[in-house]
Every structure is written in structure tokens, then in C-alpha cells.
Amino acid sequence: MSNITFESRYAIGPNETKSLDTKGLRENFLIENLFVEDKVHFVYTHYDRYMAGGALPVNGKLKLETIEPLLKEPYFLARRELGIINVGGDGKVEVDGETFEVNYKEALYIGMGAKEIYFISNDSSKPAKFYLNSTPAHHSYPTKRVTKAEANKIELGALETANHRTINQMLLHTVIQTCQLQMGMTELKPGSVWNTMPAHTHDRRMEVYFYFDVPEGQSVSHFMGPVDETRHIWMQNEQAVISPPWSIHSGAGTSNYTFIWGMAGENMDYDDMDKSAITDLK
């Protein structure tokens, strides 16, 4: 029996999206259940063929297997690259016999061509939760671990505007080599709740946001859609949301929180954004 499960989400445009009700928005863009005990679960989105998922190893090693109906390849990374950030207990990732420690809020990049990948928790009572992003790749780059200390850090916002935050650029071309995958982690300071404000789009790239460190009893409202016709999706801890290239992606929580952003598309320029004035949002 396979330990990998998956679902597929087809790409839709802004005209179709504006006609969706709450249920329709959530079915198309929200990823509610990423972590299943002793399973690897992926959502395959047809926006840039991006994959977002989670691995939760509890009772021993958890192997990353191929998804034959989607990938049609003998192993998962035959034509893909993989980014990992651990949002749970301390753990390890084995890549073709080499072991990498990947602890809480640490990242690992695995390049195209790696064949045997296993996820391991150091303590089954406090299992690792490996958040996974994968994109098509055209070149093989070395596997590399990136800690928070090694990330490129950017301080943005202010407490007065409720968006004081630290951006940790982890799997980015300024830190390591990748084909097209970019990943990082933004931590909001206590008293701040807004992320990515002013809002922006980048029609050349899609993005996925994964929200975690959301305190018990608190939630995040994620905003999406064109600048002049936005929608919102209420999200809980350890859930992700797909952001199409034509959509803004911003959120406000009832408390501070942390989120992981991952994106792929035409270029590797993190600052290539089409920004919108806050007063233009509708």
C-alpha cells in the first residue's frame, strides 16, 4: 500500500473565480489537511505545475514515492526539485544515503535526480512535520540545508501599521542555487497581524502561502483576487492557500503568526512585483 496521497487542482482565471461562493473558493484554493500520520500528501496545482504537501513520519522512516498518474516517472525527483521546511519536532531527511538534520524552522533543498528520499522524526512523541514544495526542474543542483541563521533576513513594516515582520529568505538564489523554486518564512512580531501589505501581484509567478504558529483559538483571513475585486478565505493553523499569478496574496490574523511562502514561474527576481496602493483595494 502506498504511503503517498494526492489531489489535483486545475487552474482557473479571475472571471471564473469571482462567481464562486465560499465553498467554491475553498475547494479551489484552500489546502486544509497537509499532515496525515505516516503519509506524504500533495496537492498538485496546474498553476506552473506547483506541488505543495506535507510529510508526517511517526512510526519509522517515511519514503517519498513517485505519483505515477501525475508524474509518469520512476521516482519523484526525476524531473523536479524539492524544498522542505520543518514546522514540527526535530527530524532528519535521508537523500540517497546521506542524512541531513532538518529541525524546527530549518530548510532543505533537494535537486533534480535524487532517487531515494526518506523523512524521519527524532522523537515519535514530537514528530517532525515537513512542509514540502516542488516544481519542475531543468538542471540538477546540490542538496543543501539552510538554517534560519543562514537565511537572508529582511525587516519590514512597523508596529504602528500592525505589520512588523522578519522575512527569512531561505531557498532563494541569493542563498542557494535552484532552478525555479523559491521558499522562505515570514515571522510576524507580537502585536502585528498583517502580512504582505501593500498587496501586490506578479503575473510571471504563482505562489503558495502556508500559515502556522497560529495560536489555539485564533485564525487568519487570507485575501485573494484581483486588486479591484478581492475575496477572503478564513484559514486555521497549518493550512495552505494557492495564489494564482493574477491574484493578490495577503492576510490578517487575529494574532501574530508565521507563514511560509513558496513560488515559481518565469524569473528568480524576488522583488519583481506589481504593487498596489492600499487605497486601491476593493
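Summed over the stretch 113-140, the residues that are of a type outside the set (Val, Ile, Thr) and closer than 17 Å to LYS39 by Cα give a count of 17. Restricting the stretch 183-215 to residues that are basic (Lys, Arg) and surrounded by fewer than 23 Cβ atoms within 10 Å (Cβ to Cβ), the residue that is modelled with the highest pLDDT is LYS189. In this structure, does SER192 turn out to be in contact (Cβ under 8 Å) with a residue 60 or more places away in the chain and touching a helix residue (DSSP H, G or I) at 6+ places or on another chain (Cβ under 8 Å)? Criteria met by SER192. Taking the criterion of being at pLDDT 95 or above, more than 28 Å from SER121 (Cβ to Cβ) and out of contact with any helix residue (DSSP H, G or I) (no Cβ under 7 Å at 6 or more places or on another chain), would at least one residue in the stretch 36-46 satisfy it? Yes; the residues of the stretch 36-46 include at least one that is at pLDDT 95 or above, more than 28 Å from SER121 (Cβ to Cβ) and out of contact with any helix residue (DSSP H, G or I) (no Cβ under 7 Å at 6 or more places or on another chain).
Only one entry of LYS18, LYS23, LYS105 meets the criterion of being closer than 30 Å to PHE223 by Cα, modelled with pLDDT under 95 and open to solvent by 10 Å² or more (accessible area, probe 1.4 Å), and that entry is LYS18. Looking across VAL214, VAL208, one residue alone is in a loop (DSSP other than H, G, I, E, B) and among the β-branched types (Val, Ile, Thr). It is VAL214. Residue pairs whose Cβ atoms lie under 8 Å apart, separated by 6 or more positions or on different chains, with the first residue in the stretch 133-144 and open to solvent by 40 Å² or more (accessible area, probe 1.4 Å) and the second of a type in the set (Phe, Trp, Tyr) and not in a loop (DSSP other than H, G, I, E, B), are TYR141/TYR109; THR143/PHE100; THR143/TYR109; LYS144/TYR109. Considered as a group, the residues in the stretch 4-15 that are over 27 Å from ILE117 (Cα atoms) and either free of Cβ contacts under 8 Å to residues at least 12 places away in the same chain or not in a loop (DSSP other than H, G, I, E, B) (or both) include one that is least open to solvent (accessible area, probe 1.4 Å), and that residue is PRO14. Scanning the stretch 32-84 for residues that are in contact with a Lys or Arg (Cβ under 9 Å, 6 or more places away or on another chain), open to solvent by less than 10 Å² (accessible area, probe 1.4 Å) and of a type in the set (A, V, I, L, M) gives LEU34, VAL40, VAL43, MET51, ALA55, LEU62, LEU77. If you take the residues of the stretch 216-245 that are open to solvent by 50 Å² or more (accessible area, probe 1.4 Å) and more than 18 Å from the chain's Cα centre (by Cα), which of them is farthest from HIS138 (Cα to Cα)? Checking each candidate, the answer is GLY217.
The values are calculated or read from the model by the stated rules, or taken from the named source; none is laboratory data. Everything numeric here is computed off the predicted structure, so don't read it as measured data. Reconstructed Cβ throughout: ideal geometry from the backbone, glycine too, with neighbour counts over all protein chains shown. With ligands, DNA and RNA removed, areas are computed over all heavy atoms of the protein, side chains included. Shrake-Rupley method; radii C 1.70, N 1.55, O 1.52, S 1.80 Å.
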